[in-house]
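Report on one structure; see the data block that follows.
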Amino acid sequence: QVQVVESGGGLVQAGGSLSPSCVASGRIKSINDMEWYRQAPGKQRDFITAITRGLNTNYADSVKGRFTISRDNAKNTVYLQMNSLKPEDTAVYYCKTRMWARGTDGFRDYWGQGTQVTVSS
């Protein structure tokens with residue numbers, strides 16, 4: 001069994017910074033891409049950034065230049081440095097990892113439970 005857990009959300013004023021993280025744990029054979037999504041109230045869940053095992057990254061235009069994704073493969077952890085936060089960044093932030101759990105037959109996507117980020121104006 002594997003688990004994905006986000007932490008590090010919170011309340012911050014506009015222009016501030018937060019740095020949530022996400023840890024994958026359990027019977028893991030391998031991890032490929034690690035990604036962050038967010039979902040604002042009443043809206044769909046949107047992709048914001050991803051990082052491959054080889055540390056290649058890509059970003060949604062809405063966060064490019066303000067957010068930075070990184071990962072520590074030894075710790076099965078992905079980080080999201082969020083700077084210059086805006087009220088419109090308010091959402092629940094979810095981590096998705098593409099993992100091969102031991103005892104299964106291949107890679108599949110695993111989601112965390114989300115962490116709330118609230119940016120006040």
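The values are calculated or read from the model by the stated rules, or taken from the named source; none is laboratory data. As the structure is a computational prediction, the values presented were derived from the model and not from experiment. Heads up, the Cβs are rebuilt from the backbone with ideal geometry, glycines too, and the neighbour counts pull from every protein chain shown. We work out accessible area using only protein heavy atoms, side chains counted, and drop any ligands, DNA or RNA first. Shrake-Rupley method; radii C 1.70, N 1.55, O 1.52, S 1.80 Å.
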Tell me whether the range 30-43 contains one or more residues that are β-branched (Val, Ile, Thr), in contact with a strand residue (DSSP E or B) (Cβ under 7 Å, 6 or more places away or on another chain), over 23 Å from Asn56 (Cβ atoms) and touching a residue at least 40 places away in the same chain (Cβ under 8 Å). no
Arg108 assigned to a strand (DSSP E or B) and farther than 30 Å from Ser121 by Cβ: yes
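Mind listing just one residue for me: the one in the range 8-22 that is part of a strand (DSSP E or B) and open to solvent by less than 60 Å² (accessible area, probe 1.4 Å) and, of those, nearest to Arg102 (Cα to Cα)?
Checking each candidate, the answer is Cys22.
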Among all residue pairs at least 6 apart or on different chains, which show Cβ distances below 7 Å where the first residue, located in the range 65-78, is on the phi > 0 side of the Ramachandran plot and crowded, with 16+ Cβ neighbours inside 10 Å and the second is assigned to a strand (DSSP E or B) and among the small types (Gly, Ala, Ser)? Asn76/Ala24; Asn76/Ser25
Might you check whether a residue that is closer than 15 Å to Ser7 by Cα, open to solvent by 30 Å² or more (accessible area, probe 1.4 Å), more than 13 Å from the chain's Cα centre (by Cα) and modelled with pLDDT of 95 or more occurs anywhere in the range 25-45? yes
Cβ-Cβ under 9 Å, sequence separation 6+ or interchain: first residue in the range 102-114 and open to solvent by 70 Å² or more (accessible area, probe 1.4 Å), partner part of a loop (DSSP other than H, G, I, E, B). Which pairs? Arg102/Arg27; Gly103/Gln1; Gly103/Arg27
